[in-house]
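Just so it is clear, none of the values below were taken in a lab; they were calculated from the coordinates. Note that the structure is predicted; figures quoted are calculated from it, not measured. Positions of Cβ are backbone-derived with ideal geometry, glycine not excepted, and every protein chain shown enters the neighbour counts.
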Amino acid sequence: CSCAEGVYLAAAGSIDSSLASTTPKSLSLWFKAASLGGNGDGVLPLASFGGSRAADDADCSGDASANCHGARLALRHTGGDSGSLVASGLGGGATSSVSTPTGRWVHAAAVYDGVGGLA
């Protein structure tokens, strides 16, 4: 993979079918953002995987309940510099109450319990 700052990584092939199901799963990443403003809309997509999604909403930020179908799990930062980390998909959502610093490495994670709980 040849990667550049601010660019999504995409899997070259299909993901394992167990990740596209509603079984327990987690999504974890480290990121270092110079700005949390995204492309000016206050939304910084971080990562997503799993089930299908709306083609124009890769990070499930537009409307998670409508755009993240089945087993899709997504992490993003919303609200610009004073916002928060948000996990969405699998019919639910969770928001972090911890502020996100810029210019420092931050660990973000989302966990789905396979029953309906998303944290």
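Sort 43-49, 26-32 by packing, meaning the average of other beta carbons within 10 Å per residue, with the highest value first. The partial results should precede the final answer.
On the way: 43-49: 19.7, 26-32: 13.0.
Result, highest mean first: 43-49, 26-32.
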Report summary line: Asp113 and Ser84 label points (each 7 Å along its Cα→Cβ direction) are spaced in nm at 1.9 nm
Query raised in the report: When the chain is fully extended, how far beyond the present Cα-Cα distance does Ser99 get from Ser28, taking 0.36 nm per residue of separation?
Result: 23.8 nm
